[in-house]
Amino acid sequence: MNYSMIENAAELATPLGKKAKQGSGMKDLLVIPDGSVIWKEDTILFVGTTEKAHAWIEQSLPAGRAIMRIDASGQTVIPGYVDPHTHFVFGGYRDNEFNMRLQGASYMEIMEAGGGITSTNRATREASEDELYGSGWQRLERMLDLGITTVEGKTGYGEDTQTEDKMLRVMERLDRNHPVDVIKTYMGAHAIPPRFKGRSGDYIDYLIEDGLPMAEGRADFCDIFTEKNVFELDDSERLLLAARERGFELKMHADEIVPLGGAGLAAKLKITSADHLLKASDQDLLAMRDAGVIATLLPLTAFSLKEPYARGRFMIDQGLAVALGTDLIPGSCYSQSISLMIALATIYMSLTVEEALTAVTLNAAASIGLAESRGSLEAGKKADILLLACPNHGHLSYHFGMNLVGTVIKNGEVVRSA
């Protein structure tokens, strides 16, 4: 058996528990000066001070048992980051479109110039599986550099089941071969294909009859872009209920552009998480709280689009569980910067640094159904651990927008080292 330990950390900071923290509980961290973690293979055995860690070793391990030691002097130890909302497998880029928008181009002008989701759908359809695998691998490598040890990835650039299947195959291969764990979400209901224009209900029928059976047993979640003039409430409910019958857990893009009532539907169906929520009403947010739905907020997207941020402070003060995700996507948010996301959450959404840390670890894990195995540093959980080049967790907001991650431990193995 392989034993390893981190010792002498300036600080160890972690939320605790196996479910999402709600409201004021999000600020409650276990903070240990001179912290230590001990793990065997890929499972944490002990968390405490270095002094107590040495005593634990003497009491629990045979004399002379070899243990790999990492000296974390001057560094902060936290759980590996979890990114619960991305669209990281796609073909092509949309940099021209992005810069056109910065210069004031309208949505229709961008569409007429060949931009918009249609261009990504076309590029993804035309890309080979190996090409998508290669670009996906590169994005996971960057995520690992930034401390992301588990990521959710969505399909949704297919317009047809064949391309959606290809995207799932890519994520399955990446999950097998790359250190980052990939949680797979089927999102055939991302946009209405041109051939179904004006017939959203027919497209939902197609997804229920063709798409869901293809993804069943392969994707963990089913997601839908619930928005006015895209997939409205009736169509969204019909697809989500059909997905639940096939064993999918459920997520939603809700109330991003207009206050349609997606958050209310999320509460009605008691789904795992509702994401975006820029325009969600007070009533629907409180219903989400009472139904135990996690609010996954995506501040990088609001930043990129120059939109008002979701009301993270209000949600936490009202007792919701809030998670944070990057929304890495080729059009409106081509970034996987956890560090910038934390800065936006603390500076512009008024989360405390403790709440932000909980939101990108334990609550993010809960929003993809994994809080029992990761998202915190405690005995029995996976040894997904970060060493930060700073003396305490307050630097996550203070030294803003910088990648403070020095060492990344995934499944008990050092996969990045400063």
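Computed from the coordinates by the stated procedures, all read-outs in this text should not be read as laboratory data. Keep in mind that this is a model prediction, so the values were computed, not measured. Here Cβ is always computed from backbone atoms with ideal geometry, including for glycine, and neighbour counts include all displayed protein chains.
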For this session: Place a +1 charge on the Cβ of each Lys and Arg in segment 81-366 and a -1 charge on the Cβ of each Asp and Glu, then give the dipole magnitude about the Cα centre in debye, rounded to the nearest 20.
Result: 240 debye
Exercise. Tell me, what ³J(HN,Hα) does each residue in segment 326-336 have, in order and in whole Hz, if you take phi through Karplus 6.51 cos²θ - 1.76 cosθ + 1.60 with θ = phi - 60° and put x for Gly and Pro?
Worked result: 7, 6, 3, 7, x, x, 8, 7, 8, 7, 10
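Counting other C-beta atoms within 10 Å, which of LEU387, LEU370 has the fewest, and how do the rest follow?
On the way: LEU387 26, LEU370 22.
Fewest-to-most Cβ neighbours within 10 Å comes out as LEU370, LEU387.
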Problem set entry | the chain: angle of helix 50-60 to the longest principal axis, Cα-based, in degrees nearest 10 | 80 degrees
Seminar exercise, completed: Whole-Hz Karplus couplings 3J(HN,Hα) for segment 112-128, θ = phi - 60° and coefficients 6.51, -1.76, 1.60, Gly and Pro as x, run 5, 8, x, x, x, 4, 4, 5, 5, 4, 5, 5, 5, 5, 7, 6, 6
For this session: Any chance you could get the radius of gyration and Dmax over the Cα atoms of segment 81-366, in Å?
Result: 17.5, 48
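Which value, in debye to the nearest 20, gives the size of the charge dipole of segment 169-257 about its Cα centre, when Lys and Arg are +1 and Asp and Glu are -1 at the Cβ?
Working: 13 positive and 19 negative charges, 80 e Å.
For this selection, approximately 380 debye.
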Problem set entry | Dipole of the chain, positive direction: furthest Cα of ALA266, GLY23, VAL37, with charges on the beta-carbon | VAL37
Problem set entry | Dipole axis of the chain (+1 Lys, Arg; -1 Asp, Glu on Cβ), positive-most option in ILE117, TYR203, THR150 | THR150
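Would you order ILE271, ILE208 from fewest to most other beta-carbon atoms within 10 Å of each residue's own beta-carbon? Don't skip to the end; give the middle numbers.
On the way: ILE271 24, ILE208 18.
Exposure proxy ranking, most exposed first: ILE208, ILE271.
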Problem set entry | Charge-dipole axis of segment 1-110 as Lys and Arg at +1 and Asp and Glu at -1 on Cβ define it, positive-most pick from THR14, GLN75, SER106 | THR14
Seminar exercise, completed: Pairs over 29 Å Cα to Cα, from LYS184/LYS410; LYS279/LYS410; LYS18/LYS154; LYS52/LYS184; LYS40/LYS270; LYS27/LYS228, come to LYS279/LYS410; LYS52/LYS184; LYS40/LYS270; LYS27/LYS228
Exercise. Could you put ARG142, ARG195, ARG289 in order, starting from the residue whose Cβ has the fewest other Cβ atoms within 10 Å?
Worked result: ARG195, ARG142, ARG289
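Treat every Asp and Glu Cβ in segment 288-338 as -1 and every Lys and Arg Cβ as +1, leave all other atoms uncharged, and give the resulting dipole magnitude about the Cα centre to the nearest 20 debye. Numbers along the way, then the final one.
Details: 4 positive and 4 negative charges, 18 e Å.
Roughly 80 debye for segment 288-338.
Which of the peptides 308-321, 355-368 is most tightly packed, and how do the rest follow, judged by the mean count of other Cβ atoms within 10 Å per residue?
Numbers: 308-321: 19.9, 355-368: 30.1.
Ranking, from highest mean packing down: 355-368, 308-321.
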